[in-house]
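What follows is a short report on a single structure.
Taken together, the values in this text are just the output of simple stated rules run on the coordinates, not laboratory data. Remember, predicted model here, so these are calculated numbers, not experimental data. Here Cβ is always computed from backbone atoms with ideal geometry, including for glycine, and neighbour counts include all displayed protein chains.
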Amino acid sequence: MDNLLGPMEKFNFLIGSWHLKYRVPKSIFSNEDEGEGTGEFKKILNDKYVVLNYSAKLKLSANSAKGIFTWDKKSNLYRYWWFEDSGNFLSATCDFVNDETLCLNWHDSLLFQTFKKESDNKVILKMKYPLNENMHDLILEVILTREK
């Protein structure tokens with residue numbers, strides 16, 4: 001982590017309102033699907049947290065959720081909590097592998113996810129599942145395009 005910046009400053013590339021385009025390949029987790037949605041990342045509580053609010057409508061389902069990121073000083077890493085309108089909730093441990101890529105490891109599963117900045121107005125979210133030590137199955141891709 002860059003000591004010149006506060007830990008939550010690394011999230012600045014995500015802050016704002018986004019159009020979401022979903023692609024869900026067929027996998028052991030789901031049938032093939034696609035759809036669109038909206039999402040907003042914003043800082044709250046003296047910039048100690050970043051909250052994501054999103055809603056999406058895919059061909060096979062519609063949902064909304066809230067995510068909360070924060071810096072854990074004791075563990076020297078980021079924490080993430082995810083709450084869905086279905087009642088499902090998950091948690092992850094995460095960190096920035098570089099200034100433009102946030103990697104999440106979901107607890108209680110083998111899933112991992114990245115948010116990768118492609119440009120100031122485009123971020124790609126990918127969620128993957130390991131098939132073996134060298135191969136991963138893409139189970140979700142979301143293209144985030146900044147709303148103007």
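Taking the inverse of the mean 1/r over every pair of distinct Cα atoms in the chain gives a Kirkwood hydrodynamic radius of 15.9 Å. Shape class of the stretch 36-96 from the alpha-carbon gyration tensor: prolate, with a/c at 1.5 or above and a/b greater than b/c. Would you tally the net charge around Lys148, using a Cβ to Cβ cut-off of less than 15 Å, leaving Lys148 out, and scoring K and R as +1, D and E as -1? Net charge in that neighbourhood comes out at -1.
The charge dipole of the chain, taken about the Cα centre with unit charges on the Cβ atoms of Lys, Arg (+1) and Asp, Glu (-1), comes to about 260 debye, rounded to the nearest 20. Pairs of C-alpha atoms in the stretch 100-148 farther apart than 16 Å represent 45 percent of all such pairs.
Working from label points 7 Å from Cα in the Cα-to-Cβ sense, the Thr101 to Asn63 distance is 2.5 nm.
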